[in-house]
Amino acid sequence: MLMNTPGTFLWDWNGTLVNDVALCSQLLNSQLQRHGHAPLGGVEEYRRVFRFPIEEYYKDAGFDFSRCPYRQLAAEYMQLYPARLLECPLQPHAQQVLAALKARGARQVVLSASEQAMLDEQLAHFGLTGYFEEVLGLTDFYGRSKVQRGLAWLAASGLEKENAVMVGDTDHDLEVANALGIRCVLFSGGHQPREKLAATGAPVIDDLRSLLDM
């Protein structure tokens with residue numbers, strides 16, 4: 001058993017609750033081509049390359065920061081991404097699982113590397129705000145680590161660490177969970193492939209409904 005209900009769930013957003021993987025792959029390839037680089041082969045190659053921090057993943061994807069600085073690339077990306085994200089679907093069963101956990105009395109928090117105002121807008125658009133006790137985003141658009149944001153919340157929350165779990169779709173979510181001293185479950189339907197997640201040693205699920213049975 002993962003934990004005794006009700007528990008506390010810290011949710012990643014992008015790739016875990018909202019399925020923006022195809023969009024991110026498309027926008028990345030558009031940027032690569034715009035700056036004279038070869039595009040990645042498709043969504044699965046994108047998933048193999050993706051990692052945190054985003055700046056390092058951009059290097060892996062083929063960008064040359066001596067030709068175009070990362071901050072400029074990030075600004076270009078954010079001109080397109082926010083509006084297009086609202087066209088993406090939620091992950092299968094995401095709202096059903098959030099509702100079931102809330103009905104059980106679980107505490108639920110979003111902990112995301114997305115910029116705070118954008119994150120608030122997106123959750124409201126999808127009608128999810130009411131499921132969460134806190135929504136924790138970052139203060140900029142550069143996709144850096146959310147560890148410090150999580151630690152600050154943890155210090156003020158009174159959280160019982162042994163009864164909490166981080167739910168995310170990347171190995172960085174496990175890094176965040178380890179830094180917070182809580183457990184982690186990784187979801188294989190997001191930005192990194194199952195084999196990369198399984199290599200971390202964390203539990204991996206293919207369907208968010210599996211959380212309800214853990």
Here's a check for you: in the stretch 28-43, which residue that is closer than 16 Å to Glu76 by Cα and open to solvent by 10 Å² or more (accessible area, probe 1.4 Å) is farthest from the chain's Cα centre (by Cα)? Gly36
Would you check which residues across the stretch 50-108 are part of a loop (DSSP other than H, G, I, E, B), over 20 Å from Phe132 (Cα atoms) and without any contact (Cβ under 8 Å) to a residue 60 or more places away in the chain and list them? Gly62, Phe63, Asp64, Phe65, Ser66, Arg67, Cys68, Pro69
Pick from the stretch 165-179, criterion in contact (Cβ under 8 Å) with a residue 12 or more places away in the chain and assigned to a helix (DSSP H, G or I), ranking: most open to solvent (accessible area, probe 1.4 Å): Glu175
For residues that are in a loop (DSSP other than H, G, I, E, B) and at pLDDT below 95, tally how many sit in the stretch 183-214. 1
Selected residue [closer than 30 Å to Ser30 by Cα and either buried (at least 18 other Cβ atoms within 10 Å of the Cβ) or over 17 Å from the mean Cα position of the chain (by Cα) (or both)] from Leu98, Leu86, Leu111, Leu154: Leu111
Just to be sure I understand the filter: pairs with C-beta atoms under 7 Å, separated by 6 or more residues or on different chains, first member in the stretch 200-214 and more than 12 Å from Gly168 (Cα to Cα), second member outside any loop (DSSP other than H, G, I, E, B) and small (Gly, Ala, Ser). Which pairs pass? Leu212/Ala100
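The values are calculated or read from the model by the stated rules, or taken from the named source; none is laboratory data. Note that this is a predicted model, so its numbers are computed, not measured. Cβ atoms come from the backbone with ideal geometry, glycine included; neighbour counts cover every protein chain shown. Areas reflect the complete protein model, heavy atoms only, side chains present, ligands, DNA and RNA absent. Shrake-Rupley method; radii C 1.70, N 1.55, O 1.52, S 1.80 Å.
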